[in-house]
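Engineer: I have a structure here, written as structure tokens, and I will follow up with some questions on it.
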Amino acid sequence: MNQSVRAGVAQVAWTGDKESMIELHEKYLAEAAAVGTQIICFQELFYGPYFCQVQDTEFYAYAETIPDGPTTKRFQELAARHGMVIVLPMYEEEQPGILYNTAAVIDADGSYLGKYRKTHIPQVKGFWEKFYFRPGNMGYPVFDTAVGKVGVYICYDRHFPEGWRALGLGGAEIVFNPSATSRGLSAYLWQLEQTAAAAANMYFVGAINRVGVEPLGDNDFYGTSYFASPRGQIVDGAASDQNEELVLRDLDLSHISEVRDQWAFYRDRRPDMYGGLTAP
């Protein structure tokens, strides 16, 4: 039985200020809603620049509380208006001095379902994230949304297979990986890791990247956002590597059970043999 879900991701260039960035995403949200999109995810830290290219305390001001902050509330209203599930990657302030790289998940009726906090935090040139974020501490939640079971894994997380597997075992049907990924060392991994994670766990993956060079550094964010199928195939091609783009794809969730019945990776797991993976 076809269980088609129209899903979207938006890859966007930095506009220069927070409010215009939010307004631009509102425009893409309305465009997606006009053609029947049921779920959408924005890029990592969607309303700001990728400020982790530098280490400067002024950017702490971008953090908001979740769900009580103004941006979450604003998009709860929009989710209800458009009848769309929204995955909203933001800079979260739990309390002064305690900050996370977080994605809020809002259901199609505007209700707040919860959040995921980025687990793995890099600290290398151009990606000084430990200056800004504490490691996530909420595990790997799977959200029961109006369109199915949805998980989130954020950017650098994608290099670690354990979280992908935990989301799959938690029942995820679509996992979004909002990112800020630039040309260079890891570029060739972009279409490798997330398609491999989709295949290994037999679910859909939405891979979202921003585009352009921002004033804070020379990182060239190369877009090419896409959806991967449970067989690890890119669904109807990837987005541009230069331009902003709203990527909309129809995902047939019935393919998940079809592939799992055929490949049976979860059946053949041997967790009794994996104890050494969690040794310090």
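Engineer: Just the residues that are free of Cβ contacts under 8 Å to residues at least 40 places away in the same chain and in contact with a Ser or Thr (Cβ under 6 Å, 6 or more places away or on another chain), please, taken from segment 206-227.
Structural biologist: Of everything in segment 206-227, just one residue is free of Cβ contacts under 8 Å to residues at least 40 places away in the same chain and in contact with a Ser or Thr (Cβ under 6 Å, 6 or more places away or on another chain), namely Asp220.
Engineer: Pull up segment 206-232, narrow it to residues that are over 13 Å from Ser179 (Cα atoms) and within 18 Å of the chain's Cα centre (by Cα), then point me to the one that is surrounded by the fewest Cβ atoms within 10 Å (Cβ to Cβ).
Structural biologist: The residue in question is Gly232.
Engineer: Keeping to segment 66-89, report how many residues are among the small types (Gly, Ala, Ser) and in a loop (DSSP other than H, G, I, E, B).
Structural biologist: Residues in segment 66-89 being among the small types (Gly, Ala, Ser) and in a loop (DSSP other than H, G, I, E, B): 2 in total.
Engineer: Next question. Cβ contacts < 7 Å: first residue without any contact (Cβ under 8 Å) to a residue 24 or more places away in the chain, restricted to segment 99-124; second residue of a type outside the set (A, V, I, L, M), any location; separation 6+ or different chain. Result?
Structural biologist: Final answer for the pair search is Gln123/Glu129; Gln123/Lys130.
Engineer: Then there is this: Hey, does segment 54-63 have a residue that's free of Cβ contacts under 8 Å to residues at least 40 places away in the same chain, assigned to a loop (DSSP other than H, G, I, E, B) and crowded, with 20+ Cβ neighbours inside 10 Å?
Structural biologist: Checking segment 54-63: at least one residue is free of Cβ contacts under 8 Å to residues at least 40 places away in the same chain, assigned to a loop (DSSP other than H, G, I, E, B) and crowded, with 20+ Cβ neighbours inside 10 Å.
Engineer: Please determine, by comparing only the residues of segment 35-47 that are farther than 15 Å from Ala108 by Cα and either acidic (Asp, Glu) or surrounded by fewer than 23 Cβ atoms within 10 Å (Cβ to Cβ) (or both), which one is farthest from the chain's Cα centre (by Cα). Walk me through it before giving the result.
Structural biologist: Of all residues in segment 35-47, those farther than 15 Å from Ala108 by Cα come to 35, 42-47.
Restricting the remaining residues to those that are either acidic (Asp, Glu) or surrounded by fewer than 23 Cβ atoms within 10 Å (Cβ to Cβ) (or both) gives 35, 44.
On the way: Val35: 22, Glu44: 7 Å.
Among those that are farther than 15 Å from Ala108 by Cα and either acidic (Asp, Glu) or surrounded by fewer than 23 Cβ atoms within 10 Å (Cβ to Cβ) (or both), it is Val35.
Engineer: Filter segment 221-280 for residues that are over 30 Å from His25 (Cβ atoms) and charged (D, E, K, R) and give the result.
Structural biologist: Result: Arg231, Glu258, Arg260, Asp261, Arg267, Asp268, Arg269, Arg270, Asp272.
Engineer: Determine which single condition Ala207 fails, assuming it passes every other condition in (1) small (Gly, Ala, Ser); (2) in a loop (DSSP other than H, G, I, E, B); (3) under 17 Å from Ala10 (Cα atoms).
Structural biologist: Evaluating Ala207 over (1) small (Gly, Ala, Ser); (2) in a loop (DSSP other than H, G, I, E, B); (3) under 17 Å from Ala10 (Cα atoms) leaves (2) as the failure.
Where a number appears in this text, it was derived from the coordinates with a stated rule and is not lab data. Source: prediction; values computed, not measured. Please note: Cβ atoms are built from the backbone with ideal geometry, for glycine as well, and neighbour counts cover all protein chains shown.
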